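A short worksheet on the structure shown next.
The values are calculated or read from the model by the stated rules, or taken from the named source; none is laboratory data. For clarity, every value in this text was computed on a predicted model and none was experimentally measured. Quick reminder, even Gly has a Cβ in these numbers, built from the backbone with ideal geometry, and neighbours come from all protein chains shown.
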Amino acid sequence: MTSGRQIMARDWEENPPGAEDLVLVAILNTPRDLEIAQTLGWYRIPLVTAPRTVRVDWLAFYLPAPFGEYRWTVRYLAEVRGYELRTRRELLFRETDHERVDEPYFKMQLGPVLELSPPITSRSWRRFTFLFTTGDRLLNAVDLTDLTIPQSQIRARLLRERAGSIPSTQIPL
């Protein structure tokens, strides 16, 4: 299937997601989180709310209301190059008074943040924490609802192959 979507790379050569690549769509809560992903090359996921697996090939980012005119779109993506467990204190050392300062987070290490053109839109605000999709669905989606993988053996297989990556919440840090 030919993609109608382009990956906008600036000064680098990046390969787009492969058709079978597993993509995790995650919410970028604030423009500051986008800045961290773009400049420092990481994204954080609280262990307590993490999806069944974080062993994915790509992260795509859904932008909520704080992004103004870009809200309710999947506009950016980045290749996942690794992950590790860190406390919030280790990741955001200036936020020592945050209520979850000592809780564990996955630090997702990212390649360059790329822009989807055109972005994937949502007709209205959507409530979700994480959404799994494939590279093919990401590159061919018109609306956010097009990203959903049907409840089928394909989704189960993708998640089962990678599910061994979730550590127990009892891991001492």
Given (1) touching an Asp or Glu at 6+ places or on another chain (Cβ under 9 Å); (2) modelled with pLDDT of 80 or more; (3) not small (Gly, Ala, Ser), index of the condition Arg123 fails: (2)
Test for Thr133: is it under 23 Å from Gly18 (Cβ atoms), in a helix (DSSP H, G or I) and of a type in the set (S, T, N, Q): no
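Listed here are the residues, each with its yes/no results for (1) under 18 Å from Val25 (Cβ atoms); (2) in contact (Cβ under 8 Å) with a residue 12 or more places away in the chain.
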site	(1), (2)
Arg52	yes, yes
Phe61	yes, yes
Asp97	no, no
Asp102	no, yes
Leu114	yes, yes
Ser117	yes, yes
Ser122	yes, yes
Leu138	yes, yes
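Each row is one residue, and each column tells you yes or no for (1) within 25 Å of Ile149 (Cβ to Cβ); (2) crowded, with 17+ Cβ neighbours inside 10 Å; (3) under 14 Å from the mean Cα position of the chain (by Cα).
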site: Glu84; (1), (2), (3): no, no, no
site: Arg88; (1), (2), (3): no, yes, no
site: Arg123; (1), (2), (3): yes, no, no
site: Phe130; (1), (2), (3): yes, yes, yes
Matching option when the condition is without any contact (Cβ under 8 Å) to a residue 24 or more places away in the chain, at negative phi and not charged (D, E, K, R), among Thr73, Thr39: Thr39
